[in-house]
Amino acid sequence: MAKHPHIQLNTTRQFDKPVKLQFHYGRIDDDDDDREQGTDFRRMALRFQSNLDQLRSDQRAKAELWNADLNVPDHIDHIQIEFHGQFNVSKFFQPWYNEFGLEATNFFDYNHQGLFAVVNRNKFKEFARNIEQFIEKETGRNEDAQYSTKVLYIKSFRLLAATQIKQYAQPQELMNFKLIDFPLSNRASESIFKALETYLSDGQLPYNYQPDSNQLEIRGLSGEQITEIVQNFDIVANVTSALSTVIGPGKLNQPQRGYGFRIINGTDPDLPLIGILDTGISAQSPLAAVLVADPAFNLTGSPVNEDNGSGGSGHGTAVAALVAMGKKPYAQGYRGDITADARVLSMKILDNNSGFIAQSEVLRLLREAKAKYPQLKIFVLTVCYQQPKLLNELHSTYASELDRFAHENDCLVVICTANNKLAENQRAYALSYFSKPETHLCAPADAMSNLIVGAAAGSLRGGPFTGIADSSEYPALYTRRSHIDLTPFFSSKKLNRHYFRPDVIEVGGDYEMHHSGAFFGQGSRASMEVLSADPAESFCEGVGTSYAAPLVANTAARIQSTYPEISAQSIKALIVNAASLELIRFPKPNDKLLNKVCGHGLVNEEASLLSDDNSITFLIEETIEPEKLAVFPIHFPDYLISGRLKKKTGLLRITATLSFSFAPVLNSQMAYCPVHMAFCFFKNHSPADILKKEDDIDSLLKSTLRWSQSGRYVNKPIPNMNTQKISFSVGLDDLINEDRTFKIGVNCRLSKQLFPGAERAYQHAHPFSLAITIAEKMPAGKNTGQLYNDMLLVNEHINIARADGIAEADAG
């Protein structure tokens, strides 16, 4: 079957004029009352009395710990409030500020909890007075007491304590201090920040401030100094360790055989350049032919073309080999001449398997590399923080900085979920293991605009699968999964089914059962064989998400090489759209873990790269303004409805993926992705009809199809996801009834949970990518071989493939 290039839809000629977005279908919003339910508030009043007593006690204790010798010019109390429902920022931010002197600075648990700064102590007395009046009335002590109805929405409140701020096991050489964001100008916080800078300078403590994420990286602090900062400088939200780690290959006494291969196209100017953020890349390996060893991109004391990880076996070298050559070497046993798919830029951020990573320095390397090598579009990062994320923990500053970089520079950082070393303590392969918090992913794999990769159990070794997983497509036990669970905060009807990480999984090797059956661990049959940095060893064996991520990056590099002008988000959309969960099934009760562990499924590198006679992938690259609906027709050829195919149902399968990047908002979990976009397939109706009520005109192509994510919830919205995928079947009647034309609608809105004034930065057209694969689904041997060519005849399209790229991709 012949391979063909993917095609871009010519939306300058094949589109409907955008219209103002309106939601007419169903209920506009929830009617849930987020106040304490029922009319007897006595229990609530007793809880408030306990909260108030504890708050005043904590305030006194906090004041006693202040060190007057530090000359901190001001102090700010921060009150953490838990609500019965979701706090609506657009409605209540200003009233709480005006009435109680409380400035909302951060929201978490999807706006069910908020952090408020006491910016006006006199007005805060009004908050305390209302709480007291509520207690007086609802305990029966004063029936005439009056209080603000805002009190009814509060579940509990307390002072932000040092124990909540310090989120690390023990002090380390490099610590990250996330500072509190004040949406409104706050002179007290500015003066406290200047005093903190003086404290650090006087103590000769090196630090780096990242204004975009409002974070300080400080080196050399003792535990006592960390405590002193937290107790005296009231602008610190949390303190975390910057300890990062990679899991390197194991030493399994593999026979030395020499490298045995060479790369023959290292001078090809059309090879894309991929940045490898790792432990260096050895120039003593065959990778020297494609290695760009620029000494400017180094955070260590050893050269970028040396790789000292894993006791000399290296780590970055293996990662770079998988990026540069992908799976091809495994098909020929790493022998003979091999053509590379990419050149690799060594960006050395560690000199061994663990260490302290300053995220500001990593971001500096990324920006400088992009400036020096503008063609850079893809980077690989397999060095993650060591600590797994807590359940529903806020996005990390590391993730937000990487998302901002990707958005501003049209780049894609391929990030692994990190490895769970504790998985080796298990005694059997059980999907239920992924329900444990120790399996949560590690920062910065919580990024959203980049591409997050977990590991499947396959190893690319020939012969039968020998790992412990149920099959080679199933997730390896050491891979990590999403830390997000929306079920405590949203009804089952409002859950965003796209809100998970990773994006995809790819093979990374598996554990093996010990011959005695007593335990399992890394062996020599199911692990990955990877390139070693040590010429005397040549190859070594290991398992890890560190090998899955670069294989996906190789697919991304091949896409970039074939379609050099498409955006980074289009590359992501093509990979996610082609991925499949078809061979991965989680039985109940673990079925709800499937997407959280496997994302959108196992990568299909060939379908990501090329179409064929019986399937075609269209790419839409467009922009859309907030509060607009854009509509694009897709036409289908006559032969599908001619009757000669002798099939009426399931004639075609359509799979589509929307992807877009964004500038993240770090101080609001609900608005981290501040841009809502969604898409859906409709009947052959006008945009105006598509927006009408379903009772007036039913434009839905199928009753089971709805907008990929809902933007109709205004008062209590669901969190936005920037990657969404749908798949459905098309029958003969669908094509006949709509005269062989479907409409694809894309809508855009801005989050109503942005802090005051923040929405102005997003009032512009936002780019998006939409990958749409249409495939014939005839019985075996009955496909016509004409879908691709006939779809080209009836749609306006643009050739986006490099002239010689398809032949090379097909050969690869």
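Say the cut-off is 27 Å between C-alpha atoms; which of 327/377; 377/592; 702/725; 647/702 go over it? Each step should come with its number before you reach the end.
On the way: 327/377 21 Å; 377/592 34 Å; 702/725 16 Å; 647/702 19 Å.
Too far apart for the 27 Å limit: 377/592.
Across 5 Å bins from the origin, how do the percents of Cα pairs in the range 42-184 run, short distances first?
Binned Cα distances yield the sequence 2, 8, 16, 21, 20, 15, 9, 5, 3, 1, 0, 0.
With θ set to phi - 60° and the Karplus curve 6.51 cos²θ - 1.76 cosθ + 1.60, what are the ³J(HN,Hα) couplings of the range 171-183 in order, to the nearest whole Hz, using x for Gly and Pro?
Each residue's phi maps through the Karplus curve to give x, 10, 4, 10, 10, 9, 10, 7, 8, 6, 8, 10, x Hz.
Under 5 Å between amide H atoms, partner at least 5 residues away or on a different chain: which partners does residue 166 have, H built in plane at 1.01 Å?
When sequence neighbours closer than 5 places are left aside, the close amide H contacts are 239.
Run the dipole for the range 550-593 about the Cα centre, Lys and Arg Cβ at +1, Asp and Glu Cβ at -1, nothing else charged, and hand back the magnitude in debye, nearest 20. Write out the running numbers ahead of the final one.
On the way: 5 positive and 3 negative charges, 39 e Å.
Using only the charged Cβ atoms, the result is roughly 180 debye.
Give the relative contact order (percent, whole number) for the chain; include only Cα pairs under 8 Å separated by 6+ residues.
Values: 1893 pairs, mean separation 132.8, N = 812.
Normalised by residue count, the contact order of the chain is 16 percent.
What translational diffusion coefficient, in µm²/s and rounded to a whole number, does the Stokes-Einstein relation yield for the range 396-458 at 20 °C and a viscosity of 1.002 mPa s, taking the hydrodynamic radius as the Kirkwood radius over Cα pairs? Walk me through the numbers before you get to the answer.
Values: Rh = 13.2 Å.
In µm²/s, the coefficient is 162.
Using Cα-Cα distances under 8 Å and only pairs 6 or more residues apart, what relative contact order does the range 569-724 have, in percent?
Values: 145 pairs, mean separation 33.9, N = 156.
Dividing the mean separation by the residue count of the range 569-724 yields 22 percent.
Just name one of 324, 464, 310: the one whose Cα is farthest towards the positive end of the charge dipole of the chain (beta-carbon charges, Lys/Arg +1, Asp/Glu -1).
Farthest towards the positive pole: 464.
What whole-number value in cubic angstrom gives the convex hull volume per residue for the C-alpha atoms of the range 730-812?
On the way: hull volume 19.2 nm³, N = 83.
Value for the range 730-812: 232 Å³ per residue.
Which of the three applies to the range 146-194, rounded, prolate or oblate, going by the alpha-carbon gyration tensor with a ≥ b ≥ c and a/c under 1.5 meaning rounded?
Details: a/c = 3.76, a/b = 1.56, b/c = 2.41.
Note, shape of the range 146-194 comes out oblate.
Averaged per residue, what accessible surface does the range 477-586 expose to a 1.4 Å probe, in Å²?
Working: 3070 Å² over 110 residues.
Accessible area per residue, the range 477-586: 28 Å².
Rg/Rh for the range 195-331: what does it come to with C-alpha atoms and Rh from Kirkwood?
Working: Rg = 21.3 Å, Rh = 18.8 Å.
Rounded to two decimals, Rg/Rh equals 1.13.
Please list 760, 219 from largest to smallest accessible area, probe radius 1.4 Å, with all protein chains kept in place.
Order by accessible area, largest first: 760, 219.
Please turn the phi angles of the range 266-280 into ³J(HN,Hα) values with the Karplus equation 6.51 cos²θ - 1.76 cosθ + 1.60 (θ = phi - 60°), one per residue in order, whole Hz, x for glycine and proline.
So the Karplus estimates, Gly and Pro as x, are x, 9, 5, x, 8, 5, x, 9, 10, x, 10, 8, 7, 9, x Hz.
If amide H atoms are built 1.01 Å from N in the plane of the peptide, which residues on other chains or at least 5 residues away come under 5 Å of the amide H of residue 612?
Here the answer is 4, since their amide H atoms fall under 5 Å of that of residue 612.
Would you kindly derive the ³J(HN,Hα) couplings of the range 500-511 from the backbone phi angles with the Karplus curve 6.51 cos²θ - 1.76 cosθ + 1.60 (θ = phi - 60°), listing them in order in whole Hz, with x for Gly and Pro?
Computed from phi, the couplings for the range 500-511 are 7, 10, x, 6, 8, 10, 8, 5, x, x, 9, 6 Hz.
Report the Rg/Rh value for the range 568-703, based on alpha-carbon coordinates and the Kirkwood definition of Rh.
Working: Rg = 18.4 Å, Rh = 18.6 Å.
The Rg/Rh ratio comes out at 0.99.
What does the C-alpha gyration tensor say about the overall shape of the range 413-519? Classify as rounded when a/c is under 1.5, otherwise prolate if a/b is larger than b/c, or oblate. Mind showing how you got there, number by number?
Numbers: a/c = 2.20, a/b = 1.66, b/c = 1.32.
Judged from the Cα gyration tensor, the range 413-519 comes out prolate (a/c at least 1.5, a/b above b/c).
Treating the beta-carbon of each Lys and Arg as +1 and of each Asp and Glu as -1, no other charges, what is the dipole magnitude of the chain about its Cα centre, to the nearest 20 debye?
Numbers: 81 positive and 93 negative charges, 293 e Å.
With only Lys, Arg, Asp and Glu charged at Cβ, the dipole is about 1400 debye.
Which far-off residues, 5 or more places away or on another chain, put their amide H under 5 Å from the one on residue 453, with H placed in the peptide plane?
Sorted by chain and number, the residues that satisfy this are 415, 416, 417, 503.
To the nearest whole percent, what portion of all C-alpha pairs in the range 295-423 is separated by more than 26 angstrom? Each step should come with its number before you reach the end.
Details: 2310 of 8256 pairs.
In whole percent, the long-distance tail amounts to 28.
Taking mean projected area of the Cα convex hull in nm² straight from the coordinates, which label in (1) 36.8; (2) 54.4; (3) 46.8 is the correct one?
Derived directly from the coordinates: (1).
How much mean residue ellipticity at 222 nm does the chain get from its helices, if each DSSP H run of length 4 or more adds -39500 (n - 2.57) and you divide by all residues, to the nearest 500 deg cm²/dmol? Present the calculation step by step, with values, prior to reporting the outcome.
Numbers: 18 runs with 188 residues, N = 812.
One gets -7000 deg cm²/dmol as the mean residue ellipticity at 222 nm.
For the range 706-736 and the range 93-168, what is the separation of their Cα centres, given in Å?
38 Å
For the range 39-112, what does the convex hull of the Cα positions come to per residue, in cubic angstrom?
Numbers: hull volume 9.9 nm³, N = 74.
So the per-residue hull volume is 133 Å³.
Along each of the three principal axes of the Cα atoms of the range 469-624, give the extent in whole Å, ordering the values from largest to smallest.
58, 45, 29
Consider all pairwise Cα distances in the range 60-99 and report the whole-number % of them above 11 Å. Before the final figure, lay out the partial values.
Working: 608 of 780 pairs.
When all Cα pairs of the range 60-99 are counted, 78 percent exceed 11 Å.
For Cα pairs less than 8 Å apart in space and 6+ apart in sequence, what is the mean separation divided by the residue count of the range 199-331, i.e. the relative contact order in percent? It would help to have the intermediate numbers written out before the result.
Numbers: 105 pairs, mean separation 25.0, N = 133.
Here the relative contact order equals 19 percent.
If you place +1 on the Cβ of every Lys and Arg, -1 on the Cβ of every Asp and Glu, and leave all else neutral, what size is the dipole of the range 142-216 about its Cα centre, to the nearest 20 Debye? Don't jump to the answer; show the numbers that get you there.
Values: 7 positive and 8 negative charges, 35 e Å.
It comes to approximately 160 debye.
Which percent, nearest 5, of DSSP beta bridges in the chain are antiparallel?
Details: 98 of 131 bridges.
For the chain, the DSSP antiparallel bridge percentage is about 75.
Which lysines have a Cα lying under 19 Å from the Cα of residue 137, excluding residues fewer than 8 positions away in the same chain?
125, 150, 155
How large a share of the accessible area of the chain, in percent, is made up of carbon and sulfur atoms when the probe is 1.4 Å and the other protein chains stay in place? The partial results should precede the final answer.
Working: 14810 of 31120 Å².
The C+S portion of the solvent-accessible surface of the chain is 48 percent.
In straight Cα distance, which lysines are under 27 Å from residue 372, not counting same-chain residues fewer than 8 positions off?
348, 572
The values are calculated or read from the model by the stated rules, or taken from the named source; none is laboratory data. Keep in mind the model is a prediction, meaning the values are calculated, not measured. Ideal geometry is used to build each Cβ from the backbone, glycine not excepted, and the neighbour counts take in all protein chains shown. Areas reflect the complete protein model, heavy atoms only, side chains present, ligands, DNA and RNA absent. Shrake-Rupley method; radii C 1.70, N 1.55, O 1.52, S 1.80 Å.
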